[in-house]
Amino acid sequence: MARKTFATGMLDALGHSLQQDPSVAVFGAWSFIVGRGLPAEQEEAFFEKYGDRLIDPPTSESVIAAMATGAAVCGMRPFVNFGTSSFAFEAWNQIINETGNARFMSNGQLKAPLVFHMYCGIRGGGAAQHSQSPQSMFANAPGLELVMPSTPADAQGLLRTAIKSDNPTIFLTHTKLLQWMGDTPDGDFATPFGKADVKRAGRDITVVATSLMVREALTAAETLAKEGIEIEIVDPRTIVPLDTAAICASVEKTGRLLVAEEAVATCSIASEIITIVAEHALHALKAPPVRVARPSAPLAYAPTLEKVVTPDAEKIVAAVRRMLTK
Amino acid sequence: MTASLTSGERLALLERMLLMRRFEEEVISAAAAHKYIGRNHLYIGHEAVGGPALIQLGARDVTHSTHRNHGHMIARGVDPGKALAEIMGRVGGLCGGRGGTWHMTDPTKGFGSTSAMVGGSIGMSVGAGFARKQQGEGVSVALFGDGVLDEGISYEALNYCSKFSLPVLFLCENNSQEGAHITSMLAAKRLTDVPASLDIETHVVDGSDAEAVHETVRQALAKIRADSCPIFIETQLARWPGSHQMRPEHTTGVTDVTLAWDETRIAGEHDDWVRSHDPIRKYAAKLLSSGAATKDGLLAIDARVKEQMAAARAYAEASPFPPAQTALENVFA
Ligand SMILES: Cc1ncc(C[n+]2csc(CCOP(=O)(O)OP(=O)(O)O)c2C)c(N)n1
Ligand SMILES: [Mg+2]
């Protein structure tokens, strides 16, 4: 086991990928690698070893997405770092119409093995345009895998799988997770998609959480444990594909479901998970399921307005208490 | 030198530019004192573009701005107290604390929506030009950095304006002349080759020369108003050494107007920027040497600006954060 940050976990996965597969090329390399906590000599080694495959393109998200797709179809494995997820909105047409559809439209003749990496979420003072949580927008577009890791180990293992995957993968990193430390298996490893991870076992309520919300749920669990309430935290890790069996199995055990998500609640991942449980495990529910998510409004800059709508441990605790006292 | 500016107007222009500078210095100090989150793109070094260009606009003229918008606000005469309050996330800010540093706007001063996306507002400037042409009065001014030419929408915007003869001044602030912080990657030899290839009249002007910018913009606006056509002006700027920092500091020191007549006291790591590129110092020195200003006159201008900023600071600091229960207001009309 090694202790590392989320950011360096991703960099290790990228390093192993570049080393083992000459078809891996990185767009937007500088901001992904530099200043993310690697020792200076390791940072330099990246550029020395793989310089010709580390590309810093113009601020042209649309063509970057398109060329990554074109290159992927021609045998490359591009890893694109868009920076803040809202920048990728510039490339919406390319990602949704071209990348996601390429395999299906060709009746399986083409494949587009690439990764679109983005920093997402409420970062503090980012205001409406720099605080986007686009997960359900991408989940709603067929043909795109969607990964939302919450720990350094998951970040490393899932990024390794994303780069190996023959499908286009959207990889969302919550900005606030970058410096989170955690234990990570040694060496090169890959974590399978579609396998949820129970981050904390419990009997009273199933809390499905992704990305930063896993950390908030873990904090909430500590508070609730002191009151004798044990929540079970299920982290799906990948939204597409989604481990519905693991989620339903947990709900069968606890009889209650709360989904914590940072995005706007309307048509969200939380909505989808509750629907799936309603379809497959309604009989197990002892209480109506609950979403802890954002109301449908753009995010404001002022800290008071930001805090009141941001899903966090406090709001999870309050929601759990309400569910159990009803 | 410039027939179009009276000496009173020249002093007023310098005063506006100095207010733009002192405003940013206040923004830095407020951030250092942890009065707000403190991530900004400052306008320091660009004052000789926004100042002389925007001071000429009338009430019906529309401007759209970018992440580097603070100076544009002050140049058009927005209340500095309200602008500072917005950057500090206060309810008394231009947008009630909702927009913050990146999304300030003041429609009463002719601003449309301000975007923090590179290329986010240039297209809206085309729409403002369309609206003003239909309505028969006023023009649109698109304010943007060189980086916007990297984005495809800039081509679409220029092409549309040229094809439909819309009254839009494209005012590009190109701070990618040289050095370590280049914000665009254009294959064309000159930035103006792009609009020129779309049959748009182009001009290049030294962005640290307030009167050169004033005159170029004056002539362009006259033509745009008369003929309803787009014109593209590239202003070339030496990047202020602190401009790439997300948490800016007083990188080149707090502006000292006495350096306008006492160059020997210019010092520090970035003395070259102060000596050769600081548009405020350059313009103050020019007004002195041409006899349009006196040392005492400059000191009096600075004292007035400082007083105005002290009042702005007091207003912003006295303004509370917006109440949490208003978080969902103003999503729809
Ligand atoms: C669509 C988009 N992509 C990337 C960014 C990140 N970004 C912020 S400022 C900036 C540079 C912009 O350069 P320029 O337009 O020349 O303005 P400058 O900061 O130099 O004044 C970039 C790439 C962004 N804000 N929006
Ligand atoms: Mg620039």
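The values are calculated or read from the model by the stated rules, or taken from the named source; none is laboratory data. Quick caveat: nothing in here was measured; it's all calculated off a predicted structure. Positions of Cβ are backbone-derived with ideal geometry, glycine not excepted, and every protein chain shown enters the neighbour counts. When the accessible area is computed, the model is the full protein with side chains, heavy atoms only, and any ligands, DNA or RNA have been set aside. Shrake-Rupley method; radii C 1.70, N 1.55, O 1.52, S 1.80 Å.
In the stretch B:245-259 there is at least one residue that is farther than 30 Å from A:Ser31 by Cα, away from ligand 2 (no atom under 16 Å from the Cβ) and either within 14 Å of chain A (Cβ to nearest Cβ) or open to solvent by 50 Å² or more (accessible area, probe 1.4 Å) (or both).
Is it the case that B:Met185 is within 14 Å of another protein chain (Cβ to nearest Cβ) and within 23 Å of B:Glu25 (Cα to Cα)? No.
Cβ-Cβ distances below 6 Å connect the following pairs, each with a first residue in the stretch A:162-190 that is under 30 Å from A:Met67 (Cβ atoms), a second residue that is outside any strand (DSSP E or B) and open to solvent by 60 Å² or more (accessible area, probe 1.4 Å), and a separation of six or more residues or different chains: A:Asp166/A:Lys111. Within the stretch B:306-333, residues that are more than 17 Å from B:Met20 (Cα to Cα) and more than 8 Å from chain A (Cβ to nearest Cβ) have Cβ atoms under 6 Å from residues that are among the charged types (D, E, K, R) and surrounded by 14 or more Cβ atoms within 10 Å (Cβ to Cβ) in these pairs: B:Ser319/B:Arg90, counting only partners at least 6 apart in sequence or on another chain.
Only residues that are open to solvent by 20 Å² or more (accessible area, probe 1.4 Å) and not hydrophobic (A, V, I, L, M, F, W, C) were counted in the stretch B:139-167, giving 9. Among what's in the stretch B:125-154 and is within 15 Å of B:Ile231 (Cα to Cα) and within 14 Å of another protein chain (Cβ to nearest Cβ), pick the residue that is farthest from ligand 1 (Cβ to nearest atom). The qualifying residue farthest from ligand 1 (Cβ to nearest atom) is B:Ser154.
Residues that are open to solvent by 10 Å² or more (accessible area, probe 1.4 Å) and either on the phi < 0 side of the Ramachandran plot or of a type in the set (Val, Ile, Thr) (or both) number at least 2 in the following strands (runs of 3 or more DSSP E) confined to the stretch A:76-152: A:77-84. Is it the case that the stretch B:159-179 has a residue that's touching a residue at least 24 places away in the same chain (Cβ under 8 Å), within 14 Å of chain A (Cβ to nearest Cβ), within 13 Å of ligand 1 (Cβ to nearest atom) and more than 19 Å from B:Thr63 (Cβ to Cβ)? There is at least one residue in the stretch B:159-179 that is touching a residue at least 24 places away in the same chain (Cβ under 8 Å), within 14 Å of chain A (Cβ to nearest Cβ), within 13 Å of ligand 1 (Cβ to nearest atom) and more than 19 Å from B:Thr63 (Cβ to Cβ).
Taken over the stretch A:203-218, the criterion of being buried (at least 20 other Cβ atoms within 10 Å of the Cβ) and not in a helix (DSSP H, G or I) is satisfied by A:Ile205, A:Thr206, A:Val207, A:Val208, A:Ala209, A:Thr210, A:Ser211.
In the set (1) open to solvent by less than 50 Å² (accessible area, probe 1.4 Å); (2) outside any helix (DSSP H, G or I); (3) out of contact with any strand residue (DSSP E or B) (no Cβ under 8 Å at 6 or more places or on another chain); (4) more than 15 Å from ligand 1 (Cβ to nearest atom), A:Pro22 fails one condition alone, (1). Could you tell me whether B:Ala85 is within 22 Å of B:Met246 (Cα to Cα) and away from ligand 2 (no atom under 16 Å from the Cβ)? Considered against the rule, which asks whether it is within 22 Å of B:Met246 (Cα to Cα) and away from ligand 2 (no atom under 16 Å from the Cβ), B:Ala85 comes out as yes. Within the stretch A:25-43, the residues that satisfy the criterion of being surrounded by fewer than 12 Cβ atoms within 10 Å (Cβ to Cβ) and in a helix (DSSP H, G or I) are A:Ala40, A:Glu41. Scanning the stretch A:153-182 for residues that are surrounded by fewer than 22 Cβ atoms within 10 Å (Cβ to Cβ) and not in a helix (DSSP H, G or I) gives A:Ser165, A:Asp166, A:Asn167, A:Leu178, A:Gln179, A:Trp180, A:Met181, A:Gly182.
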